[in-house]
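Comments concern the structure below.
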Amino acid sequence: MDSPQDSRLDLQTAADELGVHYQTAYRWVRSGRLDAEMVDGRYLVRQADISELDRRRHAPATPPAPRAVRLEHAADRMYEALVDGEETEVMKIAKRLADEGAPIADLIQNVLVPPLRRIGQGWRSGELTIWTEHRASSIVERLLGELAPNPRGRRRGVAVVAAVAGDRHSLPTTMAALTLRGDHWHVHHLGADLPPDQISQFCGDHDVDLAVITVTNPESRPLADATAVVLRAADTSAIVGGAGQTLVELTELARNAGNRLAK
Ligand code: B12
């Protein structure tokens with residue numbers, strides 16, 4: 001004899017037990033969510049399958065993974081997508097996090113920086129080709145363009161972001177520019193490889209409150225520091241920083257400079 005769990009019920013009775021409309025139970029059968037057997041033109045469902053589905057429907061939802069773990073996981077997927085040149089996937093990963101409310105600086109720092117550093121290491125060791133790095137960098141460039149924030153409200157002041165002549169790493173200047181924009185600065189993003197006299201001239205002509213000079217190529221550090229000295233002498237606040245430092249540090253340094261200006 002069948003045990004009660006083996007007994008089979010028609011679909012209407014199964015729907016009643018599950019507390020759903022017949023059509024819903026029918027859709028679940030069609031989609032494979034509920035096992036059923038067709039006998040003489042009728043669906044029959046095992047009591048055990050009804051109980052199991054009922055249990056799953058009422059089980060507490062799995063708690064979402066802590067944020068840091070989710071970002072780390074996203075960074076791993078981002079690395080794979082960048083190395084494979086899967087631009088659609090890159091956009092999907094980043095936009096999903098942005099839609100969930102991840103601040104731009106967090107997204108860059110936790111989801112884009114780790115893969116780029118890994119790509120830099122792979123390129124250096126010969127594990128990755130130069131074109132893999134170039135393709136990944138181009139994708140990141142386009143992604144950052146899509147993510148550019150434009151928050152409402154009063155601006156803290158006018159900032160310029162640039163890297164000096166000899167430093168061709170423009171991506172970190174974009175990261176800095178977006179971070180400051182997200183933190184309510186009005187930002188002129190001048191990019192990389194800029195002669196220092198051009199930076200000074202721009203600051204003089206545009207009433208700039210703060211110049212941020214990003215350094216990624218260590219050989220450019222002396223010129224970046226010298227440029228900052230010239231800017232400060234002309235009464236423009238200037239901060240120099242980059243490789244190995246974070247966007248949180250940048251935000252704090254910029255805010256401190258802004259507070260000094262306000263006094
Ligand atoms: C992409 C890339 C390139 C691209 C740049 C494309 C572009 N459009 O930007 C190209 C191909 C042009 C390039 C060229 C070179 N590169 Co390159 N590059 C990289 C790579 C992979 C990513 C750069 C990046 O986007 N960094 C941003 C993130 C990932 O790094 P980060 O340090 O955390 O950056 C943060 C700070 O900059 C901060 N920040 C920005 N502004 C400010 C300001 C302040 C005040 C503060 C506090 C913080 C801050 O924001 C970022 C995020 O937090 C790096 C790897 C790496 N580790 O960075 C190599 C890397 C920087 N490159 C390197 C090298 C050697 C070169 C070349 C010399 C190679 C060559 N033989 O030609 C040339 C130099 C060209 C030049 N004259 O500048 C080395 C530098 C080694 C070193 N000595 O430190 C690295 C580290 C790769 C490696 N592992 O060897 N590169």
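Derivation of every value follows stated rules applied to the coordinates shown; laboratory data play no part. Bear in mind that the values here come from a model prediction, so they are computed numbers and not experimental data. Using ideal geometry, Cβ is built from the backbone for each residue, glycine included, and neighbour counts are taken over all protein chains shown.
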Requested in this report: Quickly work out the residue 42-to-residue 100 label distance, labels modelled 7 Å from Cα along the C-beta direction, and quote it in nm with one decimal.
Outcome: 4.7
Report task. Go through segment 245-254 residue by residue and turn each phi into a ³J(HN,Hα) via Karplus (6.51, -1.76, 1.60, θ = phi - 60°); whole Hz please, and just put x for glycine and proline. Result -> 8, 10, 6, 5, 4, 4, 4, 5, 4, 5
Report summary line: Scoring segment 151-263 by relative contact order with C-alpha pairs under 8 Å, at least six apart, yields a percentage of 29
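Hull surface divided by four, with the convex hull built on the Cα atoms of segment 151-263: how many nm²?
Values: hull surface 24.9 nm².
With every direction weighted equally, the projected area is 6.2 nm².
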Query raised in the report: Magnitude of the Cβ-charge dipole of the chain, K/R +1 and D/E -1, about the Cα centre, nearest 20 debye?
Result: 700
Report summary line: Expressed as a whole-number percentage, the relative contact order of the chain with C-alpha contacts under 8 angstrom and at least six residues apart is 13
Requested in this report: Subtract the Cα-Cα distance of residue 89 and residue 249 from 0.36 nm times their separation in residues, and report this length gain in nm to one decimal.
Outcome: 54.7 nm
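Given Cα positions, please report Rg to Rh for the chain, the hydrodynamic radius being the Kirkwood one.
Numbers: Rg = 28.2 Å, Rh = 22.3 Å.
Value, to two decimals: 1.26.
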Report summary line: Bounding extents of segment 134-213 in its principal axis frame from Cα atoms, largest first in Å, are 37, 33, 13
Report task. Starting at the first residue of segment 173-181, write each ³J(HN,Hα) from the Karplus equation 6.51 cos²θ - 1.76 cosθ + 1.60 with θ = phi - 60°, in whole Hz, x for Gly and Pro. Result -> 5, 5, 4, 5, 4, 5, 4, 5, 4
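Of all the Cα-Cα pairs you can form in segment 4-58, what percent are over 12 Å apart?
Details: 891 of 1485 pairs.
When all Cα pairs of segment 4-58 are counted, 60 percent exceed 12 Å.
So for each of 183-192, 240-249 I average, over its residues, the number of other beta carbons within 10 Å; can you give me the resulting order with the highest mean first? Kindly include the intermediate steps, with their values, before the conclusion.
Working: 183-192: 19.1, 240-249: 16.1.
Going by the mean number of other Cβ atoms within 10 Å, highest first, we get 183-192, 240-249.
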**Report entry** For segment 62-147, alpha-carbon Rg and Dmax in angstrom
**Finding:** 12.8, 42
